[in-house]
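The values are calculated or read from the model by the stated rules, or taken from the named source; none is laboratory data. All values derive from a computational prediction rather than experimental measurement. Heads up, the Cβs are rebuilt from the backbone with ideal geometry, glycines too, and the neighbour counts pull from every protein chain shown. Accessible surface areas use protein heavy atoms only, side chains included; no ligands, DNA or RNA. Shrake-Rupley method; radii C 1.70, N 1.55, O 1.52, S 1.80 Å.
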Amino acid sequence: MNLATGIGPLDERIAGFRRGGTYLLTGGADTAKLVFLLQFLDEGLRNGERVALLCAAAPEDILEQADHFGLTLRSHWHEGSCVLLGFKGDYPRRVVHAPDPGEAFDELRGLIDPPVDRIAVDPGSFLWSTRAGTAMAQGFSDWAERSGATVVASVAGGLEDRPDPSTEWVLQRAAGVLHFARLSSGLHEIDVRRITPPVELSGPVTLELG
């Protein structure tokens, strides 16, 4: 059974995300990738699932954004069904310099106790674009698969230029790639670049956030 993303027009188009798959969100700054991730997690919480967010922002900043959009993350965070983890302390340094990807992802496994149904990572590229090269990309994919969760991660920046080898590695192995853009009208656009299994598409999904 697939999982709804929480974005109605997109779910109608792709029938949701495949349970246990890894999905990537591409696009530049101010294209609502984080809002999508929060909506994706909120949808799971409303369905009684357990979710986790690993993010560069502080947990309180995330909760404030969720409150702004009328999402339920704060109450579930207090109850323990929503796990919020920030990139802080010396963890970022260890990830960037890690010669063995297993070390970094073993720590994540310990912090996010299973079972978890949905995991969001923003930006996900922080975890695989390191000095360890594509070994970290392999480590991320292995971690996502072993988590048993549906994992959605953002990619810092768009795909206008050729991505680095690690990002390209993850892109090729993802179950789906969604590209986000903000139009001059202020509306947001979601373009399904690839999805597994393939579906008939008739152009981007355009929606208003706020």
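Conditions (1) crowded, with 17+ Cβ neighbours inside 10 Å; (2) modelled with pLDDT of 95 or more; (3) not aromatic (Phe, Trp, Tyr), marked per residue:
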{"residue": "Leu10", "(1), (2), (3)": "yes, no, yes"}
{"residue": "Gly27", "(1), (2), (3)": "yes, no, yes"}
{"residue": "Lys33", "(1), (2), (3)": "yes, no, yes"}
{"residue": "Leu37", "(1), (2), (3)": "yes, yes, yes"}
{"residue": "Asp42", "(1), (2), (3)": "yes, yes, yes"}
{"residue": "Arg46", "(1), (2), (3)": "no, yes, yes"}
{"residue": "Ala52", "(1), (2), (3)": "yes, yes, yes"}
Only one of Val170, Val192, Val177, Val199 is part of a loop (DSSP other than H, G, I, E, B) and in contact (Cβ under 8 Å) with a residue 24 or more places away in the chain, namely Val199
Hey, any hits in region 117-126 for a residue that's farther than 22 Å from Ala156 by Cβ, within 14 Å of the chain's Cα centre (by Cα) and modelled with pLDDT of 85 or more? yes
State all residues of region 152-167 that are touching a Gly at 6+ places or on another chain (Cβ under 6 Å) and assigned to a loop (DSSP other than H, G, I, E, B); if no residue qualifies, say none. Gly158
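Filtering region 176-192 down to residues that are of a type in the set (A, V, I, L, M) and in contact with a Pro (Cβ under 9 Å, 6 or more places away or on another chain), which residue is surrounded by the most Cβ atoms within 10 Å (Cβ to Cβ)?
Within region 176-192, the subset of a type in the set (A, V, I, L, M) is 177-178, 181, 183, 187, 190, 192.
This time we only want the ones that are in contact with a Pro (Cβ under 9 Å, 6 or more places away or on another chain), so: 181, 190, 192.
Numbers: Ala181: 18, Ile190: 24, Val192: 18.
It comes out as Ile190.
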Note on region 193-208: residues open to solvent by less than 60 Å² (accessible area, probe 1.4 Å) and modelled with pLDDT under 80 are Gly203, Leu207
Of these, Leu71, Leu63, which one is crowded, with 21+ Cβ neighbours inside 10 Å and at pLDDT 90 or above? Leu71
